[in-house]
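Asker: Dropping the structure in here first, questions after.
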Amino acid sequence: MSEDLVVLREILQRELETINAYEKMLERVSDPALREIIDHVTDEEREHVAEMYHLIMDRDPKQRERSALSHAQLTSMSLLGTASATVSAAGSERDAAAAAGLSGQLIAPTSAAIERDPVPPPPPVFPDGAWSVGALKRSPK
């Protein structure tokens, strides 16, 4: 695995953790102007998540394949809202992806990928044992 992918996944993890932390902070803030700023910053973190995800998908063919497979599974379980209606109307995952404007982003899984479901990976190991970023991982004094 390339170090680039490792770094991108670490960034993705931290961005998601940051979104969760900011949303928890919003619960504690009463000033509307401050809430608006924190909400804006949180949306920027969401944008970073999307950017990292696209960079990972662009560089990791296995991740693209698993993403397409999971999208098909969620769609068949009607967990994707309007996407499941798109699949029903389009007739296939590939057609639905094209209809949704995602044809360049999703790759249909191969039949081998559908037949095998690998054992889940072990839990992530972080150098410092942290699950969050900077001062956010320290308990308040």
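The values are calculated or read from the model by the stated rules, or taken from the named source; none is laboratory data. It should be emphasised that the depicted structure is a prediction, and the values quoted were computed from it without experimental measurement. Methodologically, a virtual Cβ is constructed for each residue, glycine included, from the backbone with ideal geometry; neighbour enumeration extends over all protein chains shown.
Asker: Report whether or not A90 is closer than 29 Å to E3 by Cβ, surrounded by 13 or more Cβ atoms within 10 Å (Cβ to Cβ) and modelled with pLDDT under 95.
Answerer: Criteria not met by A90.
Asker: List the number of the failed condition for L106; all other conditions in (1) in a helix (DSSP H, G or I); (2) at pLDDT below 55; (3) not β-branched (V, I, T) hold.
Answerer: Failed condition: (1).
Asker: Hey, another quick one. Against the definition (at pLDDT 55 or above and either surrounded by 13 or more Cβ atoms within 10 Å (Cβ to Cβ) or in a loop (DSSP other than H, G, I, E, B) (or both)), how does R66 come out, yes or no?
Answerer: So R66 passes the test.
Asker: Would you please name the residue that is nearest to L16 (Cα to Cα), looking only at residues in the stretch 44-71 that are among the hydrophobic types (A, V, I, L, M, F, W, C) and under 11 Å from the mean Cα position of the chain (by Cα)?
Answerer: Applying the filter and picking the extreme gives V49.
To keep it simple, each residue is scored yes or no on (1) at pLDDT below 95; (2) part of a helix (DSSP H, G or I); (3) surrounded by fewer than 12 Cβ atoms within 10 Å (Cβ to Cβ); (4) not aliphatic (A, V, I, L, M).
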residue: A21; (1), (2), (3), (4): no, yes, no, no
residue: R35; (1), (2), (3), (4): no, yes, no, yes
residue: H40; (1), (2), (3), (4): no, yes, yes, yes
residue: E45; (1), (2), (3), (4): no, yes, no, yes
residue: V49; (1), (2), (3), (4): no, yes, no, no
residue: L55; (1), (2), (3), (4): no, yes, no, no
